[in-house]
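Input: a single structure, listed below in structure tokens.
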Amino acid sequence: MKKLLVVLLCSGIIGCATPTNKYADLYNEAVAAGHSVVIIKEGDPETIKNGIDWQLGSMGYNKIIYASPSDGFMVFVKEANFGSALLKDDKDLDQMILKYTNAGVGKTRIDLVNGSAQGPKKDEIDRDIQKSAELIRNN
């Protein structure tokens with residue numbers, strides 16, 4: 001019984017590390033390939049982040065499945081697909097990866113990356129990213 005518990009705990013720990021690497025890898029690959037949308041915004045970083053969170057929420061991206069606040073890294077998913085995708089696999093989620101970085105005094109860099117790199121979701125999320133980028137730039 002103790003061995004089973006240890007195996008289950010180790011599996012859980014390894015499983016928790018996997019999403020971090022998966023999302024970081026998707027983000028790094030997109031940035032390296034030039035497939036990210038980068039916006040430099042002037043203003044208070046917290047105010048900018050709150051505004052973007054609200055805009056994404058209005059588009060249906062109101063669930064966060066991964067966050068690393070110290071890295072300014074978040075993965076948002078669309079609410080409509082969240083429940084059913086949990087029963088299947090997260091590849092069915094509409095995933096948008098955001099990263100906030102200091103871009104100098106009073107400036108924040110916002111990277112928007114498609115977190116669903118393959119399949120039919122990719123084009124839909126690319127359109128959502130373009131719409132989000134436009135909203136961010138205009139507000």
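Looking only at residues of the range 53-68 that are without any contact (Cβ under 8 Å) to a residue 60 or more places away in the chain and more than 12 Å from the chain's Cα centre (by Cα), we find that the one that is nearest to T101 (Cα to Cα) is W54.
Residues that are at pLDDT 90 or above, among the acidic types (D, E) and in a strand (DSSP E or B) do not occur anywhere in the range 113-136. Against the test of being part of a strand (DSSP E or B), modelled with pLDDT of 55 or more and within 17 Å of V113 (Cα to Cα), the options V38, V31 yield a single qualifying residue, V38. Just so you know, in the range 37-52 the residues that are within 22 Å of Y23 (Cα to Cα) and crowded, with 16+ Cβ neighbours inside 10 Å include one that is farthest from the chain's Cα centre (by Cα), and it is I39. Within the range 124-139, the set of residues being within 18 Å of L93 (Cβ to Cβ) and β-branched (V, I, T) comprises I125, I129. Checking D94 against (1) acidic (D, E); (2) without any contact (Cβ under 8 Å) to a residue 12 or more places away in the chain; (3) crowded, with 17+ Cβ neighbours inside 10 Å, only one condition comes out false. Which one? The number of the failed condition is (2).
The values are calculated or read from the model by the stated rules, or taken from the named source; none is laboratory data. Computed from a predicted model, the values in this text were never measured in an experiment. Positions of Cβ are generated from backbone atoms using ideal geometry, with glycine treated the same way; all protein chains shown enter the neighbour counts.
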